Structures are given as C-alpha cells and as structure tokens.
1. Under 6 Å between Cβ atoms, which residue pairs at least 6 apart in sequence (or on different chains) link something in the range 346-357 that is modelled with pLDDT of 95 or more and outside any helix (DSSP H, G or I) with a partner that is aliphatic (A, V, I, L, M) and open to solvent by less than 10 Å² (accessible area, probe 1.4 Å)?
2. Residue by residue through the range 146-167, note down the ones that are assigned to a loop (DSSP other than H, G, I, E, B), in contact with a helix residue (DSSP H, G or I) (Cβ under 9 Å, 6 or more places away or on another chain) and modelled with pLDDT of 95 or more.
3. Go through the range 142-171 residue by residue and tally those that are of a type in the set (Lys, Arg) and buried (at least 18 other Cβ atoms within 10 Å of the Cβ).
4. Among the residues of the range 276-293, is any of a type in the set (S, T, N, Q) and touching a Phe, Trp or Tyr at 6+ places or on another chain (Cβ under 9 Å)?
5. With the condition kept exactly as written, say whether any residue in the range 94-106 is open to solvent by 10 Å² or more (accessible area, probe 1.4 Å) and polar (S, T, N, Q).
6. Working only within the range 293-332, note down all residues that are in contact with a strand residue (DSSP E or B) (Cβ under 6 Å, 6 or more places away or on another chain), part of a loop (DSSP other than H, G, I, E, B) and open to solvent by 20 Å² or more (accessible area, probe 1.4 Å).
7. Which of the residues that make up the range 249-263 are open to solvent by 30 Å² or more (accessible area, probe 1.4 Å) and among the acidic types (Asp, Glu)?
8. What do you reckon, is TRP320 in contact with a helix residue (DSSP H, G or I) (Cβ under 6 Å, 6 or more places away or on another chain) and farther than 26 Å from LEU75 by Cα?
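The values are calculated or read from the model by the stated rules, or taken from the named source; none is laboratory data. A quick note: this is a predicted structure, and the numbers were derived from the prediction, not measured. Neighbour counts are summed over all protein chains in view; Cβ atoms, including those assigned to glycine, are modelled from backbone coordinates with ideal geometry. Note: accessible area is taken over every heavy atom of the protein model, side chains too, but ligands, DNA and RNA are not part of it. Shrake-Rupley method; radii C 1.70, N 1.55, O 1.52, S 1.80 Å.
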Amino acid sequence: MSSSSSWGVSPPVRTEILNPISNRFFAPSRINFQPRSKCEMINRRGFALKGIVASGLSVMGSSLTSEPVQGVERLPFKPDGYNFWTWRGRKIHYVVQGEGFPIVLIHGFGASAFHWRYNIPELAKNYKVYAVDLLGFGWSEKAIIEYDAMIWRDQVVDFLKEIVKEPTVLVGNSLGGFTALVAAVGLPEQVVGLALLNSAGQFGDAKAKTTESEETFLQKFVLKPLKEVFQRVVLQILFWQAKQPTRIESVLKNVYINTSNVDDYLVESIKMPADDPNAGEVYYRLMTRFMLNQTDYTLDSFLSKLTCPLLLLWGDLDPWVGPAKANRIKEFYPNTTLVNLKAGHCPHDEVPELANKALVDWLSTIATKASSLQTV
C-alpha cells in the first residue's frame, strides 16, 4: 500500500532562486494543513554544482552558544567526535544513542553526524540510533582515494554487518539518501526499511545514447592534462571561498527556508572538517570524479531492486530537489509513504519536530513487522 500526507504553509511562499553566490529570499510563513506549492527544478549539473557548494557549507556552523530549538533536545557538540570504527584501515566516526530497534542515519554532502543533532536524542527515546560519517566527510578520515557511490555503499553495508548486526532501518538525506538506497539494495536481508529525505540521484534517460570514442594524442596528452590543471586551480579557489564565514552564512540561508536553525553549532560542525589538511583534495576529487559523473548510477536502477518499505520525507521548498522528484519515486515504487513538509533541502534539521514525528509514526509500523518476523 502507498500513502501520502502533507503539512503546508498558509500564505504563498515567495522565492527567488538565483545562483549560489547570490542571495535568495524566503518569506516566513506559519504552518498549517493547506496543499503544497510547486518548487522549481534544476538540471543535474546545476544541482551538482550548487549542491556541492551549498550542502558543503551547510555543515559549517556559527557559535556553539546558540540556543537549541525550543522543546527539542539537541545532541551535544563534541569537537573530538564520539565513537570511531576502523574500516579498511580508515577511521570512521559515528554516534550511537538509545536502546531498541536500530536506525542508521546518513548525512548529506559535506555534512556529518552532527547534522542529525535534533533527531538523534528524540529518536533514541524509543530506538537505538546510529549516525555515521561517510568516508571523506565529517569526523571520518579524509582519505585520498577515488570516490564513487559504491565506496559509501560498501562502508554502510559493512557498518551494518560489523557494528549494528541486526535488522535495521536506513535514513538518509541528500547524498546520504542515495547512499542509503544503494546500501539497502546491497544488503536486503538486513535492511527492513528505508527513509529518504530529499535524496540525491537522478532517474535514467532512456533516450540518452552513450558513445565512447577513442582519444586522440592531442586530447589525451595535451588537452586533458590542461583541463585537469584548470579544474584543480578553479576548485581550489572555490573551496577556499566556501570556507569563508560570509559565504557560509549566505549559502546556509539558501538551504533553509526558515533560517532560525542556521546557528553557530551548524556552522562549526562543518567548518572543522573543512579545515582538515586533506579536505581540499577530497573536495577536488568529489567534484571532478563523482559529482559531475553520476550517470552510471540511477534511481530507477536501484529502486527496481528495492524490496523493503520506503518513506519519502520531503521538503517541498527545496530549490534543488523539488516535490516532483518525490512524486516520481512514489509512482515508480508503489510500496512508498510520502510525507510532504514545508521546508528546504534538510527538513530533518529545519523542522525537526515535524520530521521526528513523521519518522516515529512510520518507524512504529516497520519495527513491529520486523520484530514479528524475528519471532517466527
């Protein structure tokens, strides 16, 4: 059975979607139950370029003295991190809290486990909650490797096998959503539910034709090296700019519709990983080898192999991944529950009260089914 629900905003929300360097204004609105508005979609490359700047910055916070959301417990910020696991000789950071049925939270591009600051304590009241930093992000090692979606799939699958060790629900935002989907397909016997929050990933283009031609001597030994040098110089400049406080604040306000949670905690949780000596090289490799070459892995190719219930918890006002994508996923994969929130790209941190409630309501049905299967 598929189902859907919607939490809306009463007055129309005025948006100006500009490029990542400029500002975009969202008129604040109160929450009620009116139908959702439409959100403009952008092309794949635009999403990759804007997402890497804005999502990458959305993990850098401001002052840790900022007050948490009223009535919502917040995960304490620890500059040295929480727990570490060695995977393939690399240091992987994770947080674990609570007892009961396990949930694994996976952050988006440039973020970390701390981006689940308002979700971990609330979910841990009834579940055992893990939040893991993907390799190259957060407090995990900034490994100098060739990054690929399958690297993070393998990391999450091994985390489930070695650390969690029992039936689990995966929850992912943005890049973490696509990683969660791929991992769920890779370990169907252990993943019993999947929740995607404004997930990255694109549907395949059936009309697209891929033609590979042999490189000429000029292309291989002159033009290609020059292109790589140019890319490295430009991306080094972009990365340096992305770490500046004024740019951080500007981009964060593009990501969140309600900017009240754009605080010092959020800024610091991204600024610290970005100061790692290897962070710039990781950024370069992600931009040149991963973010701009995503056609090898499509949403439909993995959704067609998915076997567990799916929750789509979607911020309808996301300027990069609008509600049309959620509707298309639900149409493609009928065993889907769709919950629409009036929020931007990171609904779990922007409207944590609503996101937590939706997750808990859905998780109660998944955990009950999983427990009954274990006792049979």
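1. VAL351/LEU341; VAL351/ALA343
2. GLU166, PRO167
3. 2
4. There is no residue in the range 276-293 that is of a type in the set (S, T, N, Q) and touching a Phe, Trp or Tyr at 6+ places or on another chain (Cβ under 9 Å).
5. Yes, some residue in the range 94-106 is open to solvent by 10 Å² or more (accessible area, probe 1.4 Å) and polar (S, T, N, Q).
6. PRO309
7. Scanning the range 249-263 gives a single hit, GLU249.
8. In short, yes.
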